Amino acid sequence: MTDKTLTDELRSVLMFHALEAPEPHATLDRILAETVGPVTALGLPDEPPVASTAPNRRRRLSIHQLAVAAVIAVLLLSVAGVNSLRNRDATSSGAQASRDQVGQDRASQVSEGQAGQGQAGQGQAGQDQAGQQPPSAAAGSLVPSLPSDTAAAQSRPAQPPAYAGKGLNCSTIPGGKLMIGQSDHFLLSTDVEGYLYEYLCVGPNGQRSGSEVQMFQLSRGAWRYVRTLAHPSDGEHLDAMSAGRSAYIQFSVHRGDVPGEIRATVEELSDPQTGRSQSQSPSWTVAEPCLREDLAVTVTPAPQAAAPSWLLSVRNQGRTDPVTGKRTERACALEGFAQVRAQRDGATLATAAPTLNGPAGGVRKQSTPPIIVLSPDATASAVIEQSTQASGACLRSDRLAVTLPNGVSLGQVQAQLPGCALVVHPLVGNATGSG
């Protein structure tokens, strides 16, 4: 094999026959006309060739001329074929390069996203080690959280798993229905997909049971129950959870003398059959229940409300240390409906009925009262309004007696409200009373 191209070979053949190389864009007919010359008839060997005058007579070429023409034709066809292949290869290479660039861009985006998630995870770990509260998911939204990736979303069956426990009895709540709350997806050490689901009973006005958190595996497109991580009898309301090799679970604990403490625990998931017992699982307090000395309470008319209403506000003012007398700042926890009694001259005129929402505000984005971690100087609030079913005139109160959802009394607050047909909505973590 030589390094000559087909074009070079064509030039060599032509020069060997004392012919000039064709122009780059010459056609086969033009090259033959310029190289072979006028068409002549073959004469006798001892006679000079004579130009033919017969118009319909077929003219023949010399053997030398035919050979040259054949070589030229073959080489031209070869050159055309090679150029076509080169163009196709160039087009294919360009398309492949474009696809490779798109793939590199996507890989770069995934790598950057994973790096960002890794940095966020490191920051989260730092917060956990420092004993600070990690970012909390929306509490009580009753909307399953998205799985960790697109592949999990595609592989998850359209229907969530059926409740596999026996601890929930929704008949204990008036109008109670079984609902699915939060959920999360993770991979086990064997690369088997695992899922955590919260189940609870919810009434029409936001009354609720404790949470039951169950673990499932996805096997051949079917759900398989593995075990229960939290039981409703524990009296815990799920605030947030995030699953990986282990599960970070944050609850509002409703047991004891002063319910409402928010605790976090880490549950081992690498062994799906047994896990770690609750006594072995590390846990810590995220926020203690709010007490009277933590809060400043006010009741004011709600501005620009759609119905006659008032705003019950509680601000975390900090607590005075009984030993040092210094004001300490700490977060505290709230969840549920405040008890509000309209009083006049020391007598109770009406007790506000708990309802999830009304014309003037309340909780509309979820089916249960939110769990609140009230930071220092932050405000939580609840809307009090007169029911649309109120009829006739009623005495007006001169003060309200307010009790927190955890049973802690905030004392009496001066306020003039109608003393009949009052409703109160859940406390929310803002100053508007709605969320």
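Quick one: is Gly203 farther than 30 Å from Ala338 by Cβ, at pLDDT 80 or above and either in contact with a helix residue (DSSP H, G or I) (Cβ under 7 Å, 6 or more places away or on another chain) or crowded, with 18+ Cβ neighbours inside 10 Å (or both)? For Gly203, the condition - farther than 30 Å from Ala338 by Cβ, at pLDDT 80 or above and either in contact with a helix residue (DSSP H, G or I) (Cβ under 7 Å, 6 or more places away or on another chain) or crowded, with 18+ Cβ neighbours inside 10 Å (or both) - is not met.
Inspection of segment 252-263 identifies no residue that is open to solvent by 40 Å² or more (accessible area, probe 1.4 Å), touching a helix residue (DSSP H, G or I) at 6+ places or on another chain (Cβ under 7 Å) and assigned to a strand (DSSP E or B). Which residue is farthest from the chain's Cα centre (by Cα), if the candidates are limited to segment 327-341 and must be open to solvent by less than 60 Å² (accessible area, probe 1.4 Å) and farther than 17 Å from Val424 by Cα? Within segment 327-341, the match that is farthest from the chain's Cα centre (by Cα) is Thr328. Annotation: of all residues in segment 286-341 being among the aliphatic types (A, V, I, L, M) and assigned to a loop (DSSP other than H, G, I, E, B), the one that is farthest from Leu238 (Cα to Cα) is Val323. Can you name every residue in segment 228-251 that is part of a strand (DSSP E or B) and in contact with a Ser or Thr (Cβ under 8 Å, 6 or more places away or on another chain)? Answer for segment 228-251, where residues must be part of a strand (DSSP E or B) and in contact with a Ser or Thr (Cβ under 8 Å, 6 or more places away or on another chain): Ala230, Glu236, His237, Leu238, Asp239, Ala240, Ser246, Tyr248, Ile249, Gln250, Phe251. Would you mind stating whether Leu229 is of a type in the set (A, V, I, L, M, F, W, C) and under 26 Å from Arg364 (Cα atoms)? Judged against the criteria, Leu229 is not a match. Return a yes/no flag: does segment 210-220 have any residue that is touching a Leu at 6+ places or on another chain (Cβ under 9 Å), more than 25 Å from Pro289 (Cβ to Cβ) and open to solvent by 30 Å² or more (accessible area, probe 1.4 Å). No, because not a single residue in segment 210-220 is touching a Leu at 6+ places or on another chain (Cβ under 9 Å), more than 25 Å from Pro289 (Cβ to Cβ) and open to solvent by 30 Å² or more (accessible area, probe 1.4 Å). When segment 396-417 is filtered for residues that are under 19 Å from Phe337 (Cβ atoms) and more than 46 Å from the chain's Cα centre (by Cα), only Ser397 remains. Please verify whether segment 355-369 includes one or more residues that are touching a helix residue (DSSP H, G or I) at 6+ places or on another chain (Cβ under 9 Å) and in contact (Cβ under 8 Å) with a residue 40 or more places away in the chain. The answer is no; no qualifying residue exists. Residues of segment 392-420 that are open to solvent by 40 Å² or more (accessible area, probe 1.4 Å) and touching a Ser or Thr at 6+ places or on another chain (Cβ under 8 Å): Ser409, Gln416. Of the residues making up segment 289-308, none is more than 30 Å from Gln386 (Cβ to Cβ), of a type in the set (Gly, Ala, Ser), modelled with pLDDT under 95 and surrounded by 12 or more Cβ atoms within 10 Å (Cβ to Cβ). The listed residues are Val383, Val373, Val423, and the only one of them that is closer than 30 Å to Ile180 by Cα, part of a strand (DSSP E or B) and touching a Pro at 6+ places or on another chain (Cβ under 8 Å) turns out to be Val423. Checking each residue in segment 342-355 for being open to solvent by 20 Å² or more (accessible area, probe 1.4 Å) and not polar (S, T, N, Q) picks out Arg344, Asp345, Gly346, Ala347, Leu349, Ala353, Pro354. Look at (1) within 20 Å of Gly244 (Cα to Cα); (2) not in a loop (DSSP other than H, G, I, E, B) and you find that Met179 fails only one, number (1).
For segment 209-220, the criterion of being farther than 21 Å from Lys166 by Cα, in a strand (DSSP E or B) and modelled with pLDDT under 95 is met by at least one residue.
Being touching a Gly at 6+ places or on another chain (Cβ under 6 Å), more than 23 Å from Gly362 (Cα to Cα) and not aliphatic (A, V, I, L, M): is that true of Glu212 here? If you could, list the steps in order and put the result at the bottom.
Details: touching a Gly at 6+ places or on another chain (Cβ under 6 Å): yes; more than 23 Å from Gly362 (Cα to Cα): yes; not aliphatic (A, V, I, L, M): yes.
So Glu212 passes the test.
So, Gln389, is that one part of a loop (DSSP other than H, G, I, E, B), out of contact with any strand residue (DSSP E or B) (no Cβ under 6 Å at 6 or more places or on another chain) and surrounded by 16 or more Cβ atoms within 10 Å (Cβ to Cβ) or not? For Gln389, the condition - part of a loop (DSSP other than H, G, I, E, B), out of contact with any strand residue (DSSP E or B) (no Cβ under 6 Å at 6 or more places or on another chain) and surrounded by 16 or more Cβ atoms within 10 Å (Cβ to Cβ) - is not met.
Among the acidic types (Asp, Glu) and in contact with a Cys (Cβ under 6 Å, 6 or more places away or on another chain): is that true of Asp321 in this structure? It is false that Asp321 is among the acidic types (Asp, Glu) and in contact with a Cys (Cβ under 6 Å, 6 or more places away or on another chain).
The values are calculated or read from the model by the stated rules, or taken from the named source; none is laboratory data. Computed from a prediction, not measured in an experiment: that's the story for all the values here. A quick note on method: Cβ atoms are made from the backbone with ideal geometry, for glycine too, and the neighbour counts reach across all protein chains shown. For accessibility, only protein heavy atoms count, side chains too; no ligands or nucleic acids. Shrake-Rupley method; radii C 1.70, N 1.55, O 1.52, S 1.80 Å.
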